[in-house]
Amino acid sequence: MGKFRALAAPHGLFVEYERDRAGRDIGLQLTRTNQAGDGKIVTPALIWFQMKGIMAATLAFADYQKSEEVVLDLEVAHLRFWFLNIQPTYLAVYVESADQFLAVDLQKWVQRNYGEEILRLDQKTVRVKVDKRNVLDGHFFRIVLDRNLIPVLRSTLRQEDDTGIARFLRDSSVVQWLHNCREGGRDARLMVIKWMSKMRTEVYFQSKTPEGEWESFRTHWQFSMGDLSSTFPYLDFTPALEAMPVRWSETDEYFDGTPFEVWHESFSVTDTSTGDELDDEEFDGECLLDLGNERYSYGDMGGGEMIEHRLAIDLNEIGERWAATLQVLVGAEVMSVAAEPHMISVAPWHARDV
């Protein structure tokens, strides 16, 4: 338990039962750094852990390295209790040979594997498999904090579904930063880099004073990113070069003289700073970035490998609503937002079963 306490202590306050009668070993009232950066705020998110260990004599390090998961048996009666409980319970498994904690949300595990059938299951134990990607680390606690704040924020963010609330929590620091840019008279932009040979898109949130240089606030890498409006629904975009689809038809005839229409598709490119349309017959479709709603940015090709897009940004109606909500939540010390430059990476391999 000492190793777990040392790992979890920076992320919350411990909560314990006076007598262990609930099938849960220890609770954690999650905290986050306050807005001033000189202390902690206690969030409404309370989670519980059931501790298990796998000794080195049971699972050698060489065998752990070869496997994709660890396996252990849990009592059905406990799984029923955790499944029906309002607050989530996480199974924390310590693998001694690897000196590694893994963790999984037991409520969600039961839902995926049994659902309500667990209430009628006529056996004493079931085998639980925990994927090795579910490392219990700082990233785990950040994900769990955001996931467990979603129910708290449903009443405050009534117009958002749970996906929208999760996006609000992920990007609240960007919303606050952009609000501050506007208040401070700083220009804000996105620099987006699309790689032709990779599935990764890189997005850099940058700002500058009228006479200054561009400075990055957030670096956002995302695997298989869709259109920009879906990824950042709270932003308005003004690309440096905007591309618009153009369709036209020509009439041709079959051999018997019957006419038919042939439709062609291309696009026009406009410099948004001047309103002038560019005259270039060599426009490359690879240089398009989908902004959503049939809008596109046209980027600069670099070395035949990457395309760079530059877009001015501001908060749209959703962003304004989020900014106002954020002011209330920060003032009430329900949450805080990062003020320092930082990076996030959104990819399947960062996922946890939480």
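Given the options F232, F237, F283, name the one that is farther than 30 Å from I344 by Cβ and among the hydrophobic types (A, V, I, L, M, F, W, C).
From the options F232, F237, F283, the qualifying one is F283.
Would you confirm whether or not the stretch 206-213 contains a residue that is within 29 Å of G164 (Cα to Cα), in contact with a strand residue (DSSP E or B) (Cβ under 8 Å, 6 or more places away or on another chain), modelled with pLDDT of 90 or more and buried (at least 18 other Cβ atoms within 10 Å of the Cβ)?
yes
When G226 is evaluated against the numbered criteria (1) assigned to a strand (DSSP E or B); (2) under 30 Å from R321 (Cα atoms), which criterion, by number, is the only one it fails?
With (1) assigned to a strand (DSSP E or B); (2) under 30 Å from R321 (Cα atoms) applied to G226, the lone miss is (1).
What are the pairs with Cβ atoms under 8 angstrom where one residue, in the stretch 155-184, is open to solvent by less than 60 Å² (accessible area, probe 1.4 Å) and small (G, A, S) and the other, located anywhere, is at pLDDT below 90 and not in a helix (DSSP H, G or I)? Sequence gap at least six, or different chains.
Partner pairs satisfying both residue conditions: G164/L157; S172/M335; S172/V337; S173/V337; S173/A338; S173/A339.
Provide a single number: the residues in the stretch 114-144 that are open to solvent by 10 Å² or more (accessible area, probe 1.4 Å) and within 21 Å of P348 (Cα to Cα).
Residues meeting the conditions: 10.
Confirm whether K40 is closer than 25 Å to L106 by Cα and modelled with pLDDT under 95.
No.
Could you list, in sequence order, all residues of the stretch 69-107 that are farther than 23 Å from I143 by Cα, in a strand (DSSP E or B) and open to solvent by 40 Å² or more (accessible area, probe 1.4 Å)?
V71, D73, E75 - these are the residues of the stretch 69-107 that are farther than 23 Å from I143 by Cα, in a strand (DSSP E or B) and open to solvent by 40 Å² or more (accessible area, probe 1.4 Å).
Select from the stretch 302-346 the residues that are under 15 Å from E242 (Cα atoms) and either in a helix (DSSP H, G or I) or open to solvent by 30 Å² or more (accessible area, probe 1.4 Å) (or both) and list them in ascending order.
Within the stretch 302-346, E308, R310, A312 qualify.
Would you say K66 is exposed (fewer than 12 other Cβ atoms within 10 Å of the Cβ) and either more than 23 Å from Q123 (Cβ to Cβ) or out of contact with any Asp or Glu (no Cβ under 9 Å at 6 or more places or on another chain) (or both)?
Criteria met by K66.
Could you list, in sequence order, the residues of the stretch 225-271 that are among the hydroxyl-bearing types (S, T, Y) and in contact (Cβ under 8 Å) with a residue 40 or more places away in the chain?
S229, S230, Y234, T238
Could you pull out the residue among D236, D252, D256 that is open to solvent by 60 Å² or more (accessible area, probe 1.4 Å), in a strand (DSSP E or B) and over 29 Å from I318 (Cβ atoms)?
Step by step, each of D236, D252, D256 is checked, and only D252 is open to solvent by 60 Å² or more (accessible area, probe 1.4 Å), in a strand (DSSP E or B) and over 29 Å from I318 (Cβ atoms).
With the condition kept exactly as written, say whether any residue in the stretch 129-138 is of a type in the set (A, V, I, L, M, F, W, C) and more than 24 Å from H220 (Cα to Cα).
For the stretch 129-138, residues of a type in the set (A, V, I, L, M, F, W, C) and more than 24 Å from H220 (Cα to Cα): present.
Filter the stretch 268-301 down to residues that are among the aliphatic types (A, V, I, L, M) and surrounded by 16 or more Cβ atoms within 10 Å (Cβ to Cβ) and give me whichever is nearest to L228 (Cα to Cα).
L291
Residues of the stretch 266-282 being assigned to a loop (DSSP other than H, G, I, E, B) and within 34 Å of the chain's Cα centre (by Cα), which ones?
T272, S273
Of the residues that sit in the stretch 25-63 and are closer than 29 Å to K124 by Cα and among the acidic types (D, E), which one is nearest to the chain's Cα centre (by Cα)?
Going through the qualifying residues, I end up with D25.
The values are calculated or read from the model by the stated rules, or taken from the named source; none is laboratory data. All values reported here derive from a predicted model rather than from experimental measurement. Glycine also receives a Cβ, built like all others from the backbone with ideal geometry; neighbour counts cover every protein chain displayed. These accessible areas exclude ligands, DNA and RNA; they are computed on the full protein's heavy atoms, side chains included. Shrake-Rupley method; radii C 1.70, N 1.55, O 1.52, S 1.80 Å.
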